[in-house]
Amino acid sequence: MGTVTSDEQVGERALSGDAEAFGEIVRRWERRIFALAYGMLGREEDARDATQETFLSAFRNLRGFRGEAKVSSWLHRIAVNQCITRQRRAKVRSETALEDEQEADGASYSAPAMESPARAAESRERTAIVRRAINALPAELRQVVVMKEFEELTFQEIADALDLPLSTVKSRLYTALRQLQMRLKNMAHEVA
Amino acid sequence: MKEMWDKIMRERKEICARAEDLIAYLYSEASETEARDFEKHIERCAPCRTELAAFGDVREAVGEWREQALGSIASPAFENKDVTAFASAQEIYKPKRSALAAIREFFTLSPLWMRAATAAIALIFCALAFIAIAHFKEQPKVVVINEPNKANPVQENRNATVASKDEQPNTPAIKEPTVPQQKVFVANNDKAQTTRQVKNGTISHQQLAGTRKPALRSNLNASEELVENDYLPFTAPSHEEKLPSLADLADEPNQ
């Protein structure tokens, strides 16, 4: 039976040139980084690309990994930067996720078999509204919400990853939830 | 945008200053003591109570989207591929970018303020470079040789010229160029400056003609002139002229 190694131990091994250890980091964090990217970018394809870029960037810059930082914080920081870069690029090219969101919503969501078509449609509509509301948040607020809601990171982990004070993380999350609440209310009224 | 966030927080603090406690409680990150304290607080604080319920609904909606979105996506990015092999392949097949492409990408991806700052710095740099080049071009390379202790033959010539001009009755007083008192050598490549000097009368046409000659010739003439006027302190001794040349020595039989 193999011994369970911590992220930091795996990180140290990867840092010393153990390629297998880096593979282990990818296996451990791939899903969470993908969730973060998906929450930030809102499109599966973009999220997949951003996740790949994140790990490639991490692999190339292994030397930049500071031993005192957590592997998770390091990876999240890279992932957030990747997502922000992709968003800027998409903005420049006028290829925002919002343009394709109707299509993406329909494609990515398949209703459970026991759910009635009417209920599935209602659920789809509701999630589309949430998605639009999150996409409309400024990047600084969106990243905090996604890190909290999609990845379930603690405030401290978010603060470490984004290099922010703890109180700033909390106030950003509060502001983001307030804006989401208002947007969801307005969008629901528009739909009705 | 930042002002808007600050405004939201300010307004919230005016109602109740415990927004951060509310967030910690909402996400179950408050300690037991803090949680108990906040529960007591919301019993008597209606805004916090209302907001807690509203934020709970928001979280539920976001959670529903997350479940639907991530639940339907089966495969992660690498699909259990060997990441190091993948990375190597990426490195190998990664096309090399040109400098122009790199600059273009920098301008595409950078925020507006950074682009503006870079453009401004580039403009300032170009302007400074232009000014510097113009400044160095305009500086005339003037060699002034003046021997105060010795009678200056040019001065004598000038006096003679002035005297002869004085003899002409209607000739106005000569606008004396300041330069002819001295030997002036202007660099050949500085035509603009030389033209200006001619227009201003600070350099004579004879001197200008001298400057238009090829450099070697100009230098030879200048040297000869200096020697003639006994300006050069060190000249070849006259007995050197009497020394036999190498050709003469070669013709002579060995003794």
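Computed from the coordinates by the stated procedures, all read-outs in this text should not be read as laboratory data. Computed from a predicted model, the values in this text were never measured in an experiment. Glycine also receives a Cβ, built like all others from the backbone with ideal geometry; neighbour counts cover every protein chain displayed.
3J(HN,Hα) along segment A:158-171, derived from phi through the Karplus expression 6.51 cos²θ - 1.76 cosθ + 1.60 where θ = phi - 60°, amounts to 5, 4, 5, 5, 9, 6, 10, x, 4, 5, 5, 4, 5, 5 Hz, with x in place of Gly and Pro. Take each residue in B:25-36, count the other chain C-beta atoms within 10 Å of its C-beta, and the mean is 1. Neighbours of A:ALA161 by Cβ distance under 11 Å: Lys/Arg scored +1, Asp/Glu scored -1, total -2. Assuming R0 = 25 Å, what is the FRET efficiency of B:THR50 and A:ALA188, from their Cβ-Cβ distance, to the nearest 0.05? For R0 = 25 Å, the calculated efficiency reads 0.90.
Set the Förster distance to 22 Å, then compute FRET efficiency between A:ASN81 and B:ILE103 from the Cβ-Cβ distance, nearest 0.05.
Numbers: r = 20 Å, r/R0 = 0.93.
The calculated FRET efficiency here is 0.60.
I want the local charge near B:SER31. Using Cβ-Cβ distances under 12 Å, sum +1 for each Lys or Arg and -1 for each Asp or Glu among the other residues. Working shown, then result.
Numbers: positive: B:ARG36; negative: B:ASP21, B:GLU29, B:GLU32, B:GLU34, B:ASP37.
Neighbour charge sum, excluding B:SER31 itself: -4.
Converting phi to 3J(HN,Hα) with the Karplus coefficients 6.51, -1.76 and 1.60 and the offset θ = phi - 60°, segment B:118-123 yields 4, 4, 5, 4, 4, 5 Hz in sequence order, with x at every glycine or proline. Going by neighbour counts of Cβ atoms within 10 Å, the residues A:ARG77, A:ARG86 line up, fewest first, as A:ARG77, A:ARG86.
Which of the trypsin sites (Lys or Arg not before Pro) found in segment A:121-159 are loop residues per DSSP with 15 or fewer other Cβ atoms within 10 Å of their Cβ?
Numbers: sites: A:ARG124, A:ARG126, A:ARG131, A:ARG132, A:ARG142, A:LYS148; in loops: none.
Sparse-neighbourhood loop trypsin sites (Lys or Arg not before Pro): none present.
Computed from label points 7 Å out along Cα-Cβ, the spacing between B:ALA17 and A:GLU20 is 5.7 nm. Length available on full extension from B:PHE130 to B:HIS41: 0.36 nm per residue minus the Cα-Cα distance, which gives 25.1 nm. Amide H contacts of B:SER110: none lie under 5 Å away among residues 5 or more positions distant or on a separate chain (H built 1.01 Å from N in the peptide plane; Pro and chain starts excluded).
Determine, from the Cβ-Cβ distance of B:GLU32 and B:TRP113 and an R0 of 56 Å, the FRET efficiency 1/(1 + (r/R0)^6), rounded to the nearest 0.05. According to the calculation, E is roughly 0.75.
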